[in-house]
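Only one structure is covered here, and it is reproduced in the block below.
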Amino acid sequence: MFNKRVKIKELLTWEPSNQEVVIMGWVRTFRNNQFIALNDGSTNQNIQVMADLGTLDEATLKRITTGASLKVTGSVIPSLGKGQKLEVKASVVEILGDSDAEKFPLQPKKHSLEFLREKAHLRFRTNTFGAIFRVRHALAFAVHKFFNEKGFVYMHTPIITASDAEGAGEMFKVTTLPFDNPPKNEDGSINFKEDFFGKATNLTVSGQLEGELAAMAFADIYTFGPTFRAENSNTARHLAEFWMIEPEMAFHDLEDNMNLAEEFIKYIIKYALDNNREDLEFLAQRLQEEEKSLPQEKRSEMGLLEKLDFVVNNQFERVTYTEAIEILRESNHNKKKKFQYIIDKWGVDLQSEHERYLVEKHFKKPVILTNYPKEIKAFYMRQNDDGKTVAAMDILAPGIGEIVGGSQREERLERLETRMKEMHIPTDELSWYLDTRRFGAVPHAGFGLGFERMVLFVTGMTNIRDVIAFPRTPKNAEF
Ligand code: 4AD
Ligand code: MG
């Protein structure tokens, strides 16, 4: 058996008393031909390994370079250096994999996030990305923990689908037809009957529609999977491939939906605060350093941990779209034309500058906006009695903007069909979806949380490309 190693995170909790230990990891630095800082990804803390020329031959010492991987056998001794209680005095150092110091791109110095994006295959080996991806993991685990504790069923909805769940037409096509000479119908259009699935298909933009089917049997379900949007938005908050969590609950109205979403967000943040303190403290420090170069008014009012505590311990503000439009229209920001898009009338869609004004300047806390005009929302949202708005809710987070989108669903068959026809959504192709309204329809609601936006919020990072391992964005599908 090869893997008899102790993880560094575990080792750091030991009392040093000359016990023998085996550790494995990658060299971060090697100083004075004697001190190896070894990291194995279990924590950002390196273990110091003492490798003396007395114990190691010169050829081996030469091969201990930044990036090289080692197996170290040694004894755990008290450390004389400050900041750490123990270190490992090596008796055997085995090089598992060499790393040419001239060619290894990560030097033991600070690299820019932009540079590291180009080296995304290696950036896990930096402190920043070590912390981010351990936090991302913890949040994903907390998602499952939350819903499991509430008795939700985790559904795996399809990645390949023939429908457009959001009706926004932002889909990647999936086909095996030849591009140069696809089979055609008589009218010149492509004959998808000859395609792999016998119809036109695409990557899913949301698992919601299938989620609703399952909710009509299990009552409480959630999905957590990749979703795809071919929107050409080259921003720090958009990905072409992102992960979304979509709970769907029978017997829930809009208020129940908001309550669940708020509880859920607080729960997963609290989980990270309780279980990833060290990584979050590192990220808080990083953010503070980064903001030093910004003018005072651009710096965050709260430190990262303070912000997360604040969100966990305070109620989200709940406001209607109509109230929000009033606030925005009356704001000095609007009057002085500081918005790129001036708010002049009811009915316009909110841009992220407006969302961020509401959360960061006006309310200074997360905001749940409800009851949007039906014209700017999806076909499945429940129509309110005013004939103008739908029972939608978006949750806006400081520094991010929209983090959750959801609604109570239109469960009344006739109303739904009429709205679909108005919006040119094919009712015949979605007949299976409409069946939920034909056979035992109930009031129900759900929402979608963009997982990467959540990770951005919790880690204090500012570009979504830095919180997913291998980002897919316009003109970029590297790795
Ligand atoms: O508001 P959206 O489009 O809502 C839905 O897809 C619904 N079917 C959800 C539901 O009710 N079940 O997307 C939900 C969330 C957004 O609030 C945002 O956080 C995230 O998904 N999101 C994106 N994240 C990264 N990149 C993109 N291109 C995103 N588009 C949406
Ligand atoms: Mg949305």
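The values are calculated or read from the model by the stated rules, or taken from the named source; none is laboratory data. The structure displayed is predicted, hence computed values, not measured ones. Heads up, the Cβs are rebuilt from the backbone with ideal geometry, glycines too, and the neighbour counts pull from every protein chain shown. The area values use the complete protein model at the heavy-atom level, side chains included, leaving out ligands, DNA and RNA. Shrake-Rupley method; radii C 1.70, N 1.55, O 1.52, S 1.80 Å.
Here K4 is the anchor, and the lysines within straight C-alpha reach of less than 20 Å, apart from those fewer than 8 places off in the same chain, are K71, K89.
In units of the compact-protein estimate 2.2 N^0.38 Å, the chain shows a Cα radius of gyration of 1.16.
Basic side chains Lys and Arg get +1 at the Cβ, acidic Asp and Glu get -1 at the Cβ, and with that the dipole of the chain about its Cα centre reaches some 1580 debye. Span-like helix check, the chain: qualifying full DSSP H segments, with Cα axial length of 18 Å or more and mean Kyte-Doolittle of 0.0 or more, are 127-149.
Pairs spanning more than 21 Å between alpha-carbon atoms, out of K335/K361; K270/K377; K337/K361; K109/K298; K109/K270: K270/K377; K109/K298; K109/K270.
Taking a ≥ b ≥ c as the square roots of the eigenvalues of the alpha-carbon gyration tensor, region 257-322 is classed oblate because a/c is 1.5 or more while a/b is no larger than b/c.
Summarising the label geometry, the points placed 7 Å from Cα in the beta-carbon direction at E478 and K71 lie 3.4 nm from one another.
By the Cα gyration tensor, region 300-383 has an equivalent ellipsoid whose semi-axes, rounded to whole angstrom, run 24, 19, 10 from largest to smallest.
Put a plus charge on the Cβ of each Lys and Arg, a minus charge on the Cβ of each Asp and Glu, and nothing anywhere else: the dipole of region 236-283 about its Cα centre is then about 200 debye.
Indicate the gyration tensor shape class of region 320-479 (rounded, prolate or oblate), computed on the Cα atoms with a ≥ b ≥ c the square roots of the eigenvalues: a/c under 1.5 is rounded; otherwise a/b larger than b/c is prolate and the rest oblate. Taking the square roots of the gyration eigenvalues as a ≥ b ≥ c, region 320-479 is oblate. Put T427, T370 in order of accessible area, highest first, and with a 1.4 Å probe you get T427, T370. Place +1 on the Cβ of every Lys and Arg and -1 on the Cβ of every Asp and Glu in the chain, take the dipole about the Cα centre, and give the residue among F339, S189, T436 whose Cα lies farthest towards its positive end. After comparing all options, I get F339. Shape class of region 1-139 from the alpha-carbon gyration tensor: oblate, with a/c at 1.5 or above and b/c at least as large as a/b. Comparing Cα centroids, region 212-240 and region 341-388 end up 20 angstrom apart. Which of the residue pairs K85/K110; K119/K475; K145/K364; K338/K475; K9/K266 have a Cα-Cα distance greater than 21 Å in the structure shown? Beyond 21 Å between Cα atoms: K85/K110; K145/K364; K338/K475; K9/K266.
Only helices enter this figure: runs of n ≥ 4 DSSP H residues, each worth -39500 (n - 2.57), summed and divided by the residues of the chain, yield -8500 deg cm²/dmol at 222 nm to the nearest 500.
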